[in-house]
Amino acid sequence: MQKSGGADRKSTALAAPTSTGVLLAFIASYVDTVSFIGLYALFVAHVTGNFVVVAAALLGQVQQLPTKILALPVFVGAVAVAQLVNLAQSGQPRRAALLLLGAQTALLTGFMALGVRVHPAMSAEAPGILTVGLVGVFAMGLQNALGHMPLLKGLSPTTSMTGNLTEATMDLVNVVIGPASHRRRSLPRFVNAWLPILAFALGAGAAVIGFANVGFWTLLAPILLLIVVAVLIARPA
């Protein structure tokens with residue numbers, strides 16, 4: 001057993017390819033767009049965006065204030081649960097990541113099912129809308145934590161692109177006018193930063209089209225992609 005754990009630790013850096021980060025960025029943007037459109041401007045992935053929404057709600061410009069206020073403590077709870085899993089699986093980072101992905105997949109499936117149930121007659125006061133939103137927040141809280149787990153620590157952030165865009169812009173300046181030593185270091189970073197940014201943009205666009213046509217059923221796409229991510233992580237390095 002110790003030998004297996006050692007192999008797991010050795011493969012840590014190899015189990016998070018760029019494709020994993022790209023897929024997770026697409027998933028986060030997709031789910032956040034669906035929740036924003038379908039749940040009265042609720043962010044379930046970029047959860048701190050709800051601070052702005054809450055401020056607007058205080059002026060009567062946004063509905064469903066309770067969900068947006070509760071989003072932050074639910075998100076914190078999800079991250080705390082993820083860290084407990086990480087501690088319980090110390091020395092087995094691959095297993096910890098797969099457990100979190102499995103939980104996120106199950107929660108996103110529940111988020112979709114609950115959304116489908118309430119959406120046809122949805123209003124800001126519809127029964128169950130609070131539950132729908134908070135299940136989504138918990139699911140995406142796990143993904144936020146996943147990016148800080150040992151196995152995926154090398155990935156760029158996947159639920160918000162502000163940091164990626166900042167780093168990509170700085171690296172672009174280095175590539176264009178920086179000294180040769182800076183160009184060599186900055187070019188691969190620039191490419192790796194822009195891939196999740198593009199995936200994030202595509203996720204938002206795809207979610208709009210999907211939601212307009214099939215409502216919450218469109219969440220089948222990120223659910224299936226989470227399974228792909230799990231396969232990428234589970235396969236031997």
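The values are calculated or read from the model by the stated rules, or taken from the named source; none is laboratory data. Just so it is clear, the structure is predicted and the values come from calculations on it, not from any experiment. Neighbour counts are summed over all protein chains in view; Cβ atoms, including those assigned to glycine, are modelled from backbone coordinates with ideal geometry.
Yes/no matrix, rows are residues, columns are (1) surrounded by fewer than 16 Cβ atoms within 10 Å (Cβ to Cβ); (2) closer than 20 Å to residue 97 by Cβ; (3) charged (D, E, K, R):
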site: 176; (1), (2), (3): yes, no, no
site: 182; (1), (2), (3): yes, no, no
site: 200; (1), (2), (3): no, no, no
site: 229; (1), (2), (3): no, yes, no
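Between 97, 45, the distinction of being more than 23 Å from residue 215 (Cβ to Cβ), crowded, with 17+ Cβ neighbours inside 10 Å and touching a residue at least 24 places away in the same chain (Cβ under 8 Å) belongs to 97 only. The residue pairs whose first member lies in the stretch 200-225 and is farther than 11 Å from residue 28 by Cα, whose second member is surrounded by fewer than 20 Cβ atoms within 10 Å (Cβ to Cβ) and basic (Lys, Arg), and whose beta carbons are closer than 9 Å, counting only pairs six or more residues apart or on different chains, are 216/117. Pairing each residue of the stretch 63-81 that is on the phi > 0 side of the Ramachandran plot with any residue that is modelled with pLDDT of 80 or more, provided the two are 6+ apart or on different chains, yields C-beta distances under 9 Å for 64/39; 64/40; 64/41; 64/42; 64/129; 64/130; 64/133.
I'd like to check something: does the stretch 211-219 contain any residue that is surrounded by 15 or more Cβ atoms within 10 Å (Cβ to Cβ), farther than 17 Å from residue 23 by Cβ and of a type outside the set (Phe, Trp, Tyr)? First the steps, then the outcome.
First, pick out the residues of the stretch 211-219 that are surrounded by 15 or more Cβ atoms within 10 Å (Cβ to Cβ): 211, 215-219.
Okay, now just the ones that are also farther than 17 Å from residue 23 by Cβ, so 211, 215-217.
So of that shortlist, the ones also of a type outside the set (Phe, Trp, Tyr) come out as 215.
Yes, that holds for at least one residue.
Taking the stretch 120-133 as the range and being surrounded by fewer than 24 Cβ atoms within 10 Å (Cβ to Cβ) and modelled with pLDDT of 85 or more as the test, the residues that pass are 128, 130, 131. The residues listed here are 102, 110, 77; of these, the one that is surrounded by 14 or more Cβ atoms within 10 Å (Cβ to Cβ), of a type outside the set (S, T, N, Q), over 24 Å from residue 23 (Cβ atoms) and modelled with pLDDT of 95 or more is 77. Count of the stretch 16-33 residues, restricted to those that are closer than 10 Å to residue 155 by Cβ and at pLDDT 85 or above, is 5.
With in contact with a Leu (Cβ under 6 Å, 6 or more places away or on another chain), free of Cβ contacts under 8 Å to residues at least 40 places away in the same chain and of a type in the set (Val, Ile, Thr) as the only criterion, which of 118, 175 stands out? Steps first, answer last, please.
Working: 118 fails: in contact with a Leu (Cβ under 6 Å, 6 or more places away or on another chain).
Among 118, 175, only 175 is in contact with a Leu (Cβ under 6 Å, 6 or more places away or on another chain), free of Cβ contacts under 8 Å to residues at least 40 places away in the same chain and of a type in the set (Val, Ile, Thr).
In this structure, residue 151 qualifies as touching a Pro at 6+ places or on another chain (Cβ under 6 Å), buried (at least 17 other Cβ atoms within 10 Å of the Cβ) and in a helix (DSSP H, G or I).
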